[in-house]
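Here the structure is laid out as structure tokens; the discussion comes afterwards.
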Amino acid sequence: MADMLIKLHRNPLTSRLVKALGVPNPVTLARADGGYTARPFEGKHALLCRSAGGYAADALRRALADAGASHVDQLPADSTVRADLVVMDATGCAAPDDYRALYDAFHPIMRRIARNGRVLLVAASPEACATPAAMAVSRGMEGFVRSLAKELGAKGITVNQLYVERGALERLPGPLRFFCGAQSTYVTGQVLHVTAQVTAPAATPFSKALAGKVALVTGAARGIGRATAERLAQEGATVVALDVPAAEEELRRVCGAFGGVPLAMDIASPAAPQQLAAFLGERFGGVDIVVHNAGVTRDKTLANMTQPQWELVMQINLAAVMAIDAHLLERGLVKRDGRIVCLSSVSGVAGNFGQTNYATSKAALIGYVAAQAPLLAPRGICINAVAPGFIQTAMTEQMPFMTREIGRRLNSLKQAGLPRDVAELITFLSTPGASGITGNTVRVCGQGLIGA
Ligand code: NAD
């Protein structure tokens, strides 16, 4: 499963050859294996930049300090110090001339951001902009962020953007910790909206962030679902890990390792929503976090696709998700401060050859979370979608060698992601600290070139 190119570049016997051939040299990505800590940025060099007239800098400064960062307004000119985190408040940019603040902030430091560093740009929410010019300028930040992510990806540096409303500044610490932390390794070139649409929970713990919560993860016997179940449990949640009856033995083994509750069930069976609601209601009085991870592919060109192949994918990937949510929500079983995360795919964003069924179901989930978000906001529930790109799982290991090698390089980080990388994003979206984020679809794809 190890990345062959990373191994060849690190081996003294082969490194000269692969360099001479000009093949990509992917950086070894820094990853967290532990849970969240209260002061994750202790010992890190943070740089906080700002455009004139912005409104987020004070909130960002406080959030960085609370997370333990020693932040400075400028890197010393003659020093070899590199910035581990660069955060910019660009909320003051409202006219084309204001873009100069981006150039002035980033041009001098482009070679002074540490490997595996983090860049986070905070822009004014386009919806809150008073004029078309201000909205255009705010929206233009996305072009800057996505280009910067492509320029810095070779060093494992991620670049992401938050649009934030003035009324949602107190929601910034959670996203700031994620996007400036080791957990966001494979999330780059992404743009999220932070709003005050959903009431903030009474407490937003930043370590053991999910203590006391009950989480349901479907498709948890292997791959991304298994990594997610383990990660949520690591953060203190009681995890109900669901998978098909045929996977029950594996599911029990997986659950044994982290104290999860195995539940063998086919989510697409007609009785599943009712049985699931009864199980969660009777055993736990409801559920705090629902991760709709179970999904299948039945790839064929449309000309060759059978109707059962079409139907099965729609049933499992989409209809079952909506039926389960409808059942749980109608009965008030998703608790206040609840979180729902749906697994979409970059195929849902961009489409894919041979995946008309799969891409339709995954694109539908993007529409689903956008439509559900305002309906669930009054109940304190956030709902988002996560769209993985090329993630190294047993499934992708079975692809033909060349297809796999090409597929995993087509992103700014030049390598595949790991199930844990997706689990990290899902876990962040499940935390109380993510109360500002709802209705978003976030890709975890190393800024895949497809659909970018
Ligand atoms: P996987 O095939 O390794 O695991 C999926 C799990 O879901 C399996 O354990 C399977 O038994 C379970 N499952 C399938 N149908 C079910 C049903 N009807 N009821 C209950 N459980 C069921 O998949 P993965 O690679 O870990 O992907 C997880 C999710 O992420 C899927 O929704 C997938 O579409 C999405 N995704 C994965 C990738 C990737 O590169 N791996 C990329 C984009 C999206």
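None of the figures in this text is laboratory data; all of them are computed from the coordinates on show. Please read these numbers as outputs of a predicted model, since none were measured by experiment. All Cβ positions, even for glycine, are placed from backbone atoms using ideal geometry, and neighbour counts span all protein chains on display.
The table that follows gives values for the structure above.
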read-out: Region 191-322, dipole about Cα centre (Lys/Arg Cβ +1, Asp/Glu Cβ -1), debye to the nearest 20; value: 240 debye
read-out: Projected-area average for region 127-265 over all orientations - Cα convex hull basis, square nanometres; value: 11.0 nm²
read-out: Contact order relative to length of region 113-187, as percent, for alpha carbon pairs under 8 angstrom and 6 or more apart; value: 44 percent
read-out: In nm, spacing of pseudo-spin labels at Ser70 and Ala30 (7 Å Cα→C-beta vector); value: 1.5 nm
read-out: ³J(HN,Hα), Karplus 6.51/-1.76/1.60, whole Hz, each residue of region 321-327, x for Gly, Pro; value: 4, 5, 5, 5, 4, 4, 5
read-out: Charge sum, other residues only, whose C-beta stays under 11 Å from Arg231's C-beta, Lys/Arg counted +1 and Asp/Glu -1; value: -3
read-out: Among the listed pairs Lys19/Lys155; Lys208/Lys362; Lys7/Lys414; Lys300/Lys414; Lys300/Lys362, those beyond 20 Å (Cα-Cα); value: Lys208/Lys362; Lys300/Lys414
read-out: Nearest-20 debye value, the chain charge dipole, Cβ charges on Lys, Arg, Asp, Glu; value: 1000 debye
read-out: Relative contact order of region 44-179, pairs being alpha-carbon contacts under 8 Å that are 6 or more residues apart, as %; value: 27 percent
read-out: Global geometry of region 155-232, whether rounded, prolate or oblate, following the gyration tensor of its Cα atoms and the 1.5 cut on a/c; value: oblate
read-out: Inter-part distance where region 315-342 and region 24-93 are each reduced to a Cα centre, Å; value: 36 Å
read-out: Long-range Cα-Cα pairs in region 10-49 (distance over 15 Å), rounded percent; value: 66 percent
read-out: Charge dipole (the chain, unit charges on Cβ, about Cα centre) - positive-most of Phe279, Gln372, Ile109; value: Ile109
read-out: The chain, relative contact order in percent, only Cα pairs under 8 angstrom and at least six apart counted; value: 15 percent
read-out: Cα pair distances of the chain binned at 20 Å [whole percent]; value: 25, 57, 18, 0
read-out: Rounded to the nearest 20 debye, dipole of region 78-179 from Cβ charges on Lys, Arg, Asp, Glu; value: 500 debye
read-out: Angle in degrees between helix 356-376 and the longest Cα principal axis of the chain, rounded to the nearest 10; value: 80 degrees
